[in-house]
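Some notes on the structure that comes next.
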Amino acid sequence: MKNNNKYLGLVTKKFNEFFLVDIKNQENSNMRFLCKVRKSINFKDQLIYVGDEVVIDNIDLKSKRAVITSLKKRKNLLTRPSVANISDIYITFSVEEPELNFSQVNRFLIAAESMGVEVSLVLTKCDLISDKRRSFLIDKFGKWGYQVITLNLQKSDYFKNFLAELKQKECSIFMGPSGVGKTTLLNMIIPGLQNSTAPVSNKIKRGKNTTRNVELFSISNQSYIVDTPGFNMQNLEVDISLLPNLYSEIYKQVINEGIKCKYRNCLHLNDEGCNLNKSFERYSFYKEMIESSKSHYYQNQED
Ligand SMILES: Nc1nc2c(ncn2[C@@H]2O[C@H](COP(=O)(O)OP(=O)(O)OP(=O)(O)O)[C@@H](O)[C@H]2O)c(=O)[nH]1
Ligand SMILES: [Mg+2]
Ligand SMILES: [Zn+2]
């Protein structure tokens, strides 16, 4: 029962040379096909990633197989993990277990900002801290330029607002270290999903890298969400000259207040004629980031 019509589909999972591709049927529910790329097709060495839109052909409704015949132009590509066409990044950290590391939060936020999409910060496991500590964190990240979403498994009202927000977005992704509760959240968002989660290790309070693959899930007709494997971010590979634009405390001074430094490409370190007000909390992280990217940059030049 082959059908030679072409359909536009969305890659939801990838393993070896296989792809799971969803297409919408007339009732607007998803039909899922196991696909390979047509042999004669060469995508000019472009790989296909989760989140990509592809055209599928040779559809076999019985065996749920089809072949991918072309790849649509993508809006963006996140590199770690590789996911295409993201609209919103939710940087996800737990307030405890594993313990909140502000420098890691900052690295994740800045890496996400460099993608040029909407970035939000989610704090999980707020049942493990006092209201006072929670307010402190909301205030702190507010100064960083983020209105944080604080969640905990016990309070479903916080969660309901968050879910309503996700349903307004096209394709959101949860990113953060292992064990912070990304998959737990996804299981709450999609009742019946029951993807594997695991308690953080008792001794070192670290996650166990439970999720191994990037996978995209449909949460409503127009909305998708991506669960990713947790990791810690070491080197940040962002062009130094872009860094000032990724910190709201800096670009607000430049854009809203119109501050001007002597040199147009001022990195706001000890540069002569720098007029940036540096009395904001993340300045030390910013400085560190510029300095480590500089040494990274020169190291690569020497190689
Ligand atoms: N106390 C508390 N524990 C939570 C909460 N959310 C998640 N957890 C627990 O945190 C542990 C880790 O959750 P996972 O969902 O597996 O974490 P993950 O971020 O998906 O981890 P990786 O897949 O390894 O990246 C599980 O034991 C969850 O039950 C919460 O709000 N409060
Ligand atoms: Mg997980
Ligand atoms: Zn400056």
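The values are calculated or read from the model by the stated rules, or taken from the named source; none is laboratory data. Note that the structure is a prediction, hence the values are computed from the model and not measured. Glycine also receives a Cβ, built like all others from the backbone with ideal geometry; neighbour counts cover every protein chain displayed. Ligands, DNA and RNA are stripped out before the accessible areas are found, and what is left, the full protein with its side chains, is counted by its heavy atoms. Shrake-Rupley method; radii C 1.70, N 1.55, O 1.52, S 1.80 Å.
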Checklist entry - With (1) open to solvent by 10 Å² or more (accessible area, probe 1.4 Å); (2) within 13 Å of ligand 2 (Cβ to nearest atom) as the list, and LYS155 as the residue in question, which single condition is left unmet? => result (2)
Checklist outcome for this item: GLY145: passes all of (1) on the phi > 0 side of the Ramachandran plot; (2) part of a helix (DSSP H, G or I); (3) not hydrophobic (A, V, I, L, M, F, W, C) but (2)
Checklist outcome for this item: Subset of the range 200-245, residues of a type in the set (A, V, I, L, M) and either under 21 Å from GLU170 (Cβ atoms) or more than 16 Å from ligand 3 (Cβ to nearest atom) (or both), comes to VAL200, ILE204, VAL214, LEU216, ILE219, ILE225, VAL226, MET233, LEU236, VAL238
Item to check | Some residue of the range 257-270 being among the hydroxyl-bearing types (Ser, Thr, Tyr), open to solvent by 60 Å² or more (accessible area, probe 1.4 Å) and under 30 Å from LEU10 (Cα atoms) | outcome: no
Next on the checklist: I'd like to know if the range 174-188 contains one or more residues that are of a type outside the set (Phe, Trp, Tyr), over 15 Å from THR92 (Cβ atoms) and away from ligand 3 (no atom under 16 Å from the Cβ).
Outcome noted: no
Checklist entry - Being of a type outside the set (Ser, Thr, Tyr) and in contact with a Gly (Cβ under 7 Å, 6 or more places away or on another chain), is that true of even one residue in the range 164-173? => result yes
Next on the checklist: From the list LYS132, LYS62, LYS140, exactly one residue is among the basic types (Lys, Arg), in the same structural domain as GLU17 (by TED's automatic domain parsing) and at negative phi. Which is it?
Outcome noted: LYS62
Checklist entry - Do any residues in the range 127-151 that are over 17 Å from LEU109 (Cβ atoms) have Cβ atoms under 8 Å from those of residues that are surrounded by fewer than 12 Cβ atoms within 10 Å (Cβ to Cβ), where the two are at least six apart or on different chains, and which pairs are they? => result ASP127/GLN154
Next on the checklist: Within the range 207-245, take every residue that is more than 25 Å from ALA84 (Cβ to Cβ) and surrounded by fewer than 17 Cβ atoms within 10 Å (Cβ to Cβ) and give me the one that is farthest from ligand 2 (Cβ to nearest atom).
Outcome noted: SER241
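Residues checked against (1) surrounded by fewer than 22 Cβ atoms within 10 Å (Cβ to Cβ); (2) at pLDDT 95 or above; (3) part of a strand (DSSP E or B):
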residue: ASP57; (1), (2), (3): yes, no, yes
residue: SER63; (1), (2), (3): yes, no, no
residue: SER70; (1), (2), (3): yes, no, yes
residue: PHE93; (1), (2), (3): no, yes, yes
residue: GLU97; (1), (2), (3): yes, no, no
residue: SER120; (1), (2), (3): yes, yes, yes
Next on the checklist: If I filter the range 110-134 down to residues being hydrophobic (A, V, I, L, M, F, W, C) and within 15 Å of TRP144 (Cα to Cα), which single residue comes out as farthest from the chain's Cα centre (by Cα)?
Outcome noted: LEU123
Checklist entry - If you check ASN245, ASN235, which single one turns out to be in a loop (DSSP other than H, G, I, E, B), outside the structural domain of ILE86 (by TED's automatic domain parsing) and more than 29 Å from LEU128 (Cα to Cα)? => result ASN235
Checklist entry - Only one residue in ASN195, ASN232, ASN202 is more than 11 Å from ligand 1 (Cβ to nearest atom) and modelled with pLDDT under 90, so which one is that? => result ASN202
Checklist entry - Out of all the residues in the range 211-223, is one or more within 21 Å of ASN101 (Cβ to Cβ) and in the same structural domain as ASN152 (by TED's automatic domain parsing)? => result yes
Item to check | Candidate set from the range 191-206 (those that are touching a residue at least 24 places away in the same chain (Cβ under 8 Å) and under 22 Å from LEU20 (Cβ atoms)); member that is farthest from ligand 2 (Cβ to nearest atom) | outcome: LEU193
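To keep it simple, each residue is scored yes or no on (1) at pLDDT 90 or above; (2) basic (Lys, Arg); (3) more than 16 Å from ligand 1 (Cβ to nearest atom).
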position	(1), (2), (3)
PHE217	yes, no, no
GLN222	no, no, yes
TYR251	yes, no, yes
VAL254	yes, no, yes
LYS262	yes, yes, yes
ASN275	yes, no, yes
GLU281	yes, no, yes
ASP303	no, no, yes
